[in-house]
Amino acid sequence: MTSADKTDPQGWPGLFPALFLPATPDRWRRSVRTAIVMVLAILISLLMQFDQLAWTVITILILSIPEVGTTWIKALARIAGTLVGAAGGIAMIALFPQSPIMMLIAFSLVLFCGLYLSATMITSQYAYFMVVVTMIIVSTSAWDDPLGVQMLALERFQNTMLGVLCVTFGATCLWPVRAEDRLIDSMVDRIVRARRRLQRVLQLMDGSQQVDPELELLEHSPLAEQLTMFQAASMESHVVARHRGTIMVLLTVVDRLGAMAAEIEQELSHGSLESVDADGRADIRSILEGAADALRSIETARAEGTSCLSEALAVRAREQADRLAASIEPDEDSEGLSLISTVVRLGRHIDRLKVLDQWCAGNLVDTDYLMGETPLLEARLNRSIFEPFQQVNTLARRTAIKATIASVAALLLVASMHWNSVGATAVVTCVLVMLPTIGASTAKSIQRIAGAACGAVVGIATVAVLAPNTLDVTLLLVMVAIVGFLSQWVMMARWDLSYTGMQFAFAFAITSLAFNPPTADIDPAIDRVFGILVGLVVAFIVMWLVWPVRASGQVLFSLAEALRMMGRFAQRGLLTAEEENLMRPLNGFRYRIAWLLADAYRYRQEARYEQKVLPNSEAPALRMGVSIQSLNLRIHALVQNRMEHERVQEAGSLEPVR
């Protein structure tokens, strides 16, 4: 443990500021929108006389996403998962009415498959998870009331639909945010980062360099987030859907520009410029200045909504790149050759930004500028449901097995003890807190029990106040608005606190909105907290006995796996095509390496809950990750130059490096 770990102001002494700060405009808007939507949903539920109101609340909280398209995607996934899970639960009960052992076996198989797919599939993860949760709720109710299973499934579906409709109304009508805009902003942010790197490179060439702390942070690949945003934008806009191929290639181009800017900075920091003659240095400076101007034009285009990237600038950058490439001598020093080749590639990529420039101006069109580019994301959009079982993810498989064992154990425990009212809560808790590492499970468990306890207390207080008069719902709606606002506000806090907000609102809803009309019965609050405690005890027993995985160990594993991938990547161009295809991971080496480094950062955060370390981004493992990222850039430049070298072209092995 470092001294910074012990004194970090963002640790437990700063818990209150971490929960409620910063008070950004976006946080205010989303919290107010959630409060309004929850009040609307509860009011409709009371008018429609729905028996169970809590499921509507949890649906609203889960779907409270800024972008309209993302809300639609998650809403459709929730509806589909609820339908399939309800049907599966009813079918299981109908097929094995007198055979609990066979039902338990079928339950376990479906549970394992759903959890494994929810952890390994890139798209529709939430739908698979909803299948599992709905099946648990429907199936566990059969232990207490087998004849009421169909009605329970119908009530859950109608409450889910009401929550979906209300949250869609809020996302569309109350401060709507278009996923297309967020997608463009994410690409422009990457452009800004690349431009700032190029400016630092130019300062380095002048012998003076300003420190930019943000550029020293470990870079994570934004492609996964951009993929989700791209799918949401496709649902919102027919223009985006029609030009999906162009956008996927554009995402790849922006990612490569950011990587090339970082590669050039690494080359110069290792003295590669010293082996380049004066004319070469002048050409390199000219290309870098032109690239920085082009990237700045993209920023201006986004800010002003007009096309700003001139044709002359793009043409000049390509001509300079071609001239620099032609000046390479046969006996060029290897370090100088690597730097020049990377600068040449950068100059030749500038004209590809004209598509993004036009998109920022509101005119997205297909173009031949991107012909021949290979999108990094293509393979991820076409994954089969059977692929995760063909290429087994060991960590996800073991986590799904542990969650299945814990769920079955919790189900048998509550059934044998006749704790029927807490069965679903205990089993779902086992599923939710059984995460890949002990640190992540500990963090989520703390949030789950803390949020449930606070929500139950507030719910009981609300019931006590409402008990004298259950006909007037004004005070109830006011409390719903306050709870909705606070829960959404907390849900926008850091990762190890945000889940508390959702559990707070759900426990409040279970307590004060468990029945229509509201009653003074506080048993649902007690059952909720007790069920969570039962699930946590069972889950942690299984977690410690069956394949315990510590986040601190996973940090080293991710870094080691990244190094192994880099070693395989360094062999690119030296092996046969068949051997390279066998070694190449999904979506390429650079994507996989960036993902592993991002995993290392996440595991480091989770390890705090295993080692009782306060929040802090400084750690030897993270510094090692930065060094590995730096080494990865140099290896990528080496491989790219090898593939573009004349001898490789003569061998007929030239193809895009991914």
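The values are calculated or read from the model by the stated rules, or taken from the named source; none is laboratory data. It should be emphasised that the depicted structure is a prediction, and the values quoted were computed from it without experimental measurement. Counting neighbours? That spans all protein chains shown, and the Cβs are built from the backbone with ideal geometry, glycine included. Heads up: the accessible areas ignore ligands, DNA and RNA and are worked out on the full protein's heavy atoms, side chains in. Shrake-Rupley method; radii C 1.70, N 1.55, O 1.52, S 1.80 Å.
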Only Cα pairs under 8 Å and at least 6 apart count here; give the relative contact order of segment 235-362 as a rounded whole percent.
-> 37
Taking a label point 7 Å from the Cα of residue 173 along Cα-to-Cβ, the residues of segment 473-491 whose backbone nitrogen sits under 12 Å from it are none
Sparsely packed trypsin sites (Lys or Arg not before Pro) within segment 472-576, loop by DSSP, other Cβ within 10 Å at most 13 = 494
Quick shape summary for segment 241-320, equivalent ellipsoid via Cα gyration tensor, semi-axes whole Å in descending order, reads 28, 16, 11
One checks the Cα atoms of segment 472-575 and finds Rg and Dmax, in Å, of 23.1, 77
Could you run the Karplus curve 6.51 cos²θ - 1.76 cosθ + 1.60 with θ = phi - 60° over segment 599-610 and give me ³J(HN,Hα) per residue in whole Hz, x for Gly and Pro?
-> 4, 4, 5, 5, 5, 4, 5, 5, 5, 4, 7, 9
Could you work out the equivalent-ellipsoid semi-axes for segment 68-118, taking the square root of 5 times each eigenvalue of the Cα gyration tensor, largest first, in whole Å?
-> 28, 13, 4
Taking amide H positions as placed 1.01 Å from N in the peptide plane, with prolines and chain starts having none, which residues 5 or more places from residue 177, or on another chain, fall under 5 Å of its amide H?
-> 68
Could you give P(r) for segment 25-97, binned at 5 Å from zero, as whole percent values over all Cα-Cα pairs?
-> 3, 14, 17, 19, 19, 13, 8, 4, 2, 1, 0
Give me the accessible area per residue for segment 25-105, probe 1.4 Å, as a whole number in Å².
-> 42
Would you mind listing how long segment 277-350 runs along its three principal axes, going by Cα atoms, in whole Å with the largest first?
-> 48, 19, 18
